[in-house]
Amino acid sequence: MYVKVHMPFEMLLSTAEHIRMRLPIEKIEENKNNALEPPNKSCWNRFTTSLKRPFRLDPSLSKQDLDHYTAMYSSKNHNFKHLFATLRGSQDLYFTPSERILLTYELLARAHPVDHDKDLPQEDMTTPGASGNRVKRPGIGRLITEKAYESYFPLHEPLRDDVRHIDDEELNDREKLRKHWATMRRCFKFQPLSLIRSYMGEKIAFYFVLTGFYNQMLIPPAIVGLIIFIYGVASVFTDTPTSDICGSYGQSTYMCPRCDLSCPFWKLRIPHNDLSNPNEDFDSINDNDRQQSTSATSSPQSDSLRTDCILVYGHNDDSDNDEDSHDNGEPHMSPSERRERFEDYLKKKQHLILQRVESPSTKKTFVKVHTPFKILLKTAEKMRMGLPIEKIEENKNNALEPNKSCWNRFTTSLKRPFRLDESLSKHDPDYYTAIYSSNNPKFEHLFHTLRGSKELYFTPSERSLLTYELLTRAHSDDHGENLAQAPPIGQPKMNTVAGLRKGVKRPGIDRLIAKKAYESYFPLHEPFHNDVRHINDDGLNDREVRLNDRQKLKKYWATMRQCFKFQPLFLIRSYMGEKVAFYFALTGFYNQMLIPPALVGLIIFIYGVASVFTDTPTSDICGSYGQSTYMCPRCDKICPFWKLSESCVYSKISYVFDNTATVVFAILMSLWARWFVEFWKRREAVLRYEWDSINFDSTIEPIRPAYETKAEKMGGERRTNPVTEINEPYIPRIKQIPSFILSVVVVIVTIAIVCVTIFCTIIYRVQMDYLLKNTSVKTYSSIIITITSAIVNLICSLILSLLYYWIAGKITDLELHKYQSKYDNSLIMKIYLFQFVNFYASLFYIAFFKGRSTEYPSNYGEPSTGDFTEQCDPAGCLVELSIQLIIIMIGKQIINNVFEFLFAMGRTLTRLFRNHGKKYEDEPWEEDYNLYDFNSIVLIDEYLELVIQFGFVTLFAVAFPLAPLFALANNIVELRLDAWKLLSKYKRPIPFKAADIGIWSDIFSGVSYLAVLTNAIVIAWTSEFIPKMAYRILQSTGSSLSGYVDWTLTSISIADYNNTGRMPPDVPGGLTSCRYRDFRSSAAPYSESLIYWNVLAARLAFIIVFEHAVFFIIYIMNWLVPDVPKTIQNKIDHERYIDQRERWTTHETTDEKFKQAAVASEAISKMRRPSNNLPNSTLETKDEFPARQSKQKKHKGIRVSPAHEQ
């Protein structure tokens, strides 16, 4: 028995809406396609087009291809309806065969086979909870399991035997595929991928796409391989080694047996008659030889409405010149006229409530903006914002989370002393969220119950963000429009696209600020008490006044009294938005991750201090051997001879930072750097879920006003944006090239400036060494020189960093970036590159270059010459690297914190001085206006400081094991300092949505990978680990390092030194030779010894093994630990399930729309009953099924579609 199933058109549409299918909405016109493409084809494009021409499909396959933009289908959007009958000539042909099959299967999989006559609760049929245990899961699959049906399948279209001589217009899709695809006659033609997708679906089509693309990519290596093979065959007879083997030399040369006892001797040339069994000699080859390498709100006392944003303008701004006001024929408008039009638009079209307040003290006018609740809801729907839909019950949480492990219970007990006050979280609601839709009534019951009032439904940051979205879309240029004819409160009319396509300038508050119509805009801070320590969260003394969010943050976050407590991230996010909250979440997570390496580093430092007096090489330097050993001068002519014992203090400090334990610490820190990045991804995933940023879609960015102004000044050229199809200002790339070249030149010059400062520091060290060697502090001269030179380097770096900030901003302005995100990313990369070179250059010099020259005494050069090579102390360069790192890292942190505090207090002191003697207090908006502006540079500075510190901690971990401890101590203070600044010294930021930390994640990841390499090189080249290991293996009879110092020193004859004419005049009496640190022969020409090459090979081998071992461990860790925790993934899947369930169980859609579709289905059935031939969704009787090409565009004059290209 066969049951043929037919899906009426209305049912198909209703199901498509449920599963959020994308359907055609707007045709891509020919002129629009041309506007999206570059004006001229490149030579390479014309060449590749000519190459592909013989392999193209028959034009008849693509002449009817449809080219439409698509969008998620909604029955409320009337733009879909005009295509129902016109897309393919008939409403029944609107859906392709594969789409009809998919929609039919979706209904079959959800149909309930039991109790269908009863009015079952919706949850009983869909929810796998307690009620789901009573009713089994529905669907055709279950019926097949219970043998109610044997199988189900879509029906093939009819296929005639020979279709080669039949015209394509008379063929159905299956026959077209048979003729043009499933035949060897078409093996060199491209595949009709659009037809494959239309007939079999995307899953199968993707396989054939991959196969075809793979075949195309094989063509170049196939041609190259064939050429190489032919070359090898053609040149085999001219190869000399082959001729020797095949000639008399091979005939007369006997080779040793390939195995013992049983294998014979054999000639290098095997006679032809011995080749009868070519595998005989290879059967005994060992298997080892066959291995293959694998490679805000305002004051409630003064306002009845919440203030969502403040607009500020001055009284005398009309006197300012309005530049470019006549550009492109735009009528001249003064700033006051622009304001009037803009505010009319806000009130009459977007239905915002505005209130002006004059400020006599600041001579400014403040416009308070309030957004009604209904407008907030409509804007949230437009932005596809996720809003609460279902409360997370305790038992559901337990069902979604596995039982806590011992490790989880252990970490929970460790975190208990650092948890926040319970009063901060006891009222915090925990809800599943879904994208808000006015069609879904499940949202409405939470409007009043979520936080006790409808006006409190949205958090302050959400209200500010939605208000900002409206402000950025409001027009001030609709001159001829009748603003009075605005509809009642409803969906905001944002009729910006039509005007923009005609060339009207982009709307929004930012452009009005650029036109000086407004001075600034900002959300209003909540009221602030100076002392909130003794105020309860629920009441103020005996009065029922609750602490607002800002006061709670001041009490529990922005104070050093809470420095060891976790941060209230949900409050930070609610008050300042996700973008700011992600920075503090990163800082807090970074501090937590610093605790283990800080403890390990402290233990290793204590071990180094405790064992320094038992170290044999240090004892030799400080003992009689050091007293009797004269070292060669560190430079020619002017530097004096000196005793090895003068390096005693230096060698003791060196051992503290350079011992076996520090090598282990470097390995751990290399792994820790990658662990931090990977575990931050997991933490980021948790926050992304909790903050409803998983499905966050960044909006289309507006053009920067600076770019728009500059484009008009450079000729006023405009082009159509290929994304929005809006006529926008455009600056040709050719005009931007000089600025990019200038950027590269400036970067090179700044690097050269840093190199000059390092060279000056080298000269300072050498001159100081010459001066101090003749004083009473010569024993400590190396330490004094190293510390003072590091301080000088730090001062130069801090001065240059201020210069680099200014330079980076200027050259980024010259680059004329169109969008703010690209501007910010370019600025971030320049500043980071400048600061990287500025603060790390001296460290890289000491670690990798100092003392690495192949010179010896008499070839060092003089300090005043360009060929001078600075040498390391006999105790090594690591101690100098350690001191340099300590001074720069700690000094930079202290100076930055002091500067940030003084800068933040400067505006406060100015306001106190200005308000001295005032008889009235400022209003809240006046107080906020006097605060610092919060812009992108503020966060860039904070992130930059964090990532520079991350580099200090990880790149040179072996040089200073206490770096994580000092970083942790600094961050504890700086985090609370930053919190205090943002709460009380800066305007409240626009609470922008964010899903991650942006480009900073890539920078952290890059530094973590670089840390593996730098630590490997520091251990191999800068520390004494490899030479000591080589000495134990090559020279010492055991693990003792007795004689190690003498083994690392090479002598040079005084006579040979004197003959060069570069020896200093003050030679100690009776001295016949002096020592220097190197592995060379003790006689002329003083070339490198065998030990030098052995140590060099060991160093290179260690770097390769270290790097591969660490990356292998990282790879295994990435494979074992997913980026999204399992519990969070379960909750994400559960939210998707809730969203899907609500779409299918909404009363309106299931009852009304399906009933209407059923009536239509019954009518069709009655009309066709006399023919006794039910139509079905799989047998298509018409041939007019051209495949839909979704979002398909022409590329450089040739349509790039699956029907043409593979």
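The values are calculated or read from the model by the stated rules, or taken from the named source; none is laboratory data. Being a predicted model, the structure only gives us computed values, none of them experimental. Note: ideal-geometry Cβ built from the backbone for every residue, glycine included; neighbour counts use all protein chains shown. The protein model used for the area step is the full one, side chains on, heavy atoms only, and it has no ligands, DNA or RNA in it. Shrake-Rupley method; radii C 1.70, N 1.55, O 1.52, S 1.80 Å.
May I ask you to list the residues in segment 1030-1043 that are of a type in the set (A, V, I, L, M) and open to solvent by less than 20 Å² (accessible area, probe 1.4 Å)? Across segment 1030-1043, the qualifying residues are Ala1030, Leu1041.
If you go through segment 779-821 and keep only what is closer than 23 Å to Arg733 by Cβ and in a helix (DSSP H, G or I), you end up with Ala808, Gly809, Lys810, Ile811, Thr812, Asp813, Leu814, Gln820, Ser821.
Residue-by-condition table, conditions (1) over 41 Å from the mean Cα position of the chain (by Cα); (2) surrounded by 15 or more Cβ atoms within 10 Å (Cβ to Cβ); (3) not in a helix (DSSP H, G or I):
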| site | (1), (2), (3) |
| --- | --- |
| Val1012 | no, yes, no |
| Asn1015 | no, yes, no |
| Ala1020 | no, yes, no |
| Val1045 | yes, yes, no |
| Asp1056 | yes, yes, no |
| Gly1069 | yes, no, yes |
| Arg1075 | yes, yes, yes |
| Tyr1086 | yes, yes, yes |
| Asn1118 | no, no, no |
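Please tell me if Thr616 is more than 30 Å from Asp1056 (Cβ to Cβ) and either among the acidic types (Asp, Glu) or buried (at least 23 other Cβ atoms within 10 Å of the Cβ) (or both).
On the way: more than 30 Å from Asp1056 (Cβ to Cβ): yes; either among the acidic types (Asp, Glu) or buried (at least 23 other Cβ atoms within 10 Å of the Cβ) (or both): no.
So Thr616 does not fit the description; no.
Within segment 556-586, the only residue that satisfies the criterion of being surrounded by fewer than 21 Cβ atoms within 10 Å (Cβ to Cβ) and of a type in the set (Val, Ile, Thr) is Thr559. Only one entry in Lys52, Lys63 is at pLDDT below 75 and either open to solvent by 20 Å² or more (accessible area, probe 1.4 Å) or within 37 Å of the chain's Cα centre (by Cα) (or both), namely Lys63. Only one of the numbered conditions (1) crowded, with 20+ Cβ neighbours inside 10 Å; (2) under 20 Å from Arg88 (Cα atoms); (3) under 48 Å from the mean Cα position of the chain (by Cα) is not met by Leu171, and that is (3).
When segment 1124-1136 is filtered for residues that are under 20 Å from Glu678 (Cα atoms) and open to solvent by 70 Å² or more (accessible area, probe 1.4 Å), only Lys1126 remains. Out of (1) within 25 Å of Leu414 (Cβ to Cβ); (2) open to solvent by less than 40 Å² (accessible area, probe 1.4 Å), what's the single condition that is false for Tyr650? Failing condition for Tyr650: (1).
Listed here are the residues, each with its yes/no results for (1) at pLDDT 80 or above; (2) open to solvent by 30 Å² or more (accessible area, probe 1.4 Å); (3) farther than 25 Å from Ser334 by Cα.
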site	(1), (2), (3)
Glu444	yes, yes, yes
Glu455	yes, yes, yes
Phe458	yes, no, yes
Leu466	yes, no, yes
Arg473	yes, yes, no
Gly499	no, no, no
Lys505	no, no, no
Ile509	yes, no, no
Leu512	yes, no, no
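Just one of the listed residues (Ile204, Ile144) is under 27 Å from Thr104 (Cα atoms) and open to solvent by less than 70 Å² (accessible area, probe 1.4 Å), and it is Ile144. Filter segment 1031-1056 down to the residues that are touching a Lys or Arg at 6+ places or on another chain (Cβ under 9 Å) and among the aliphatic types (A, V, I, L, M), then identify the one that is farthest from Glu942 (Cα to Cα). The extreme case among them is Ile1052. Evaluating Arg907 against the criteria (1) in the same structural domain as Leu982 (by the TED database); (2) farther than 21 Å from Pro527 by Cα; (3) modelled with pLDDT under 80 leaves one unmet condition, (2). The set of residues in segment 1028-1063 that are under 11 Å from Ser858 (Cβ atoms) and of a type outside the set (A, V, I, L, M) comprises Ser1053, Asp1056, Tyr1057, Asn1058, Asn1059, Thr1060, Gly1061, Arg1062. Criterion applied to Ile997, Ile940, Ile895 was being assigned by the TED database to the domain that holds Asn838, buried (at least 19 other Cβ atoms within 10 Å of the Cβ) and among the β-branched types (Val, Ile, Thr), and the one residue passing it is Ile997.
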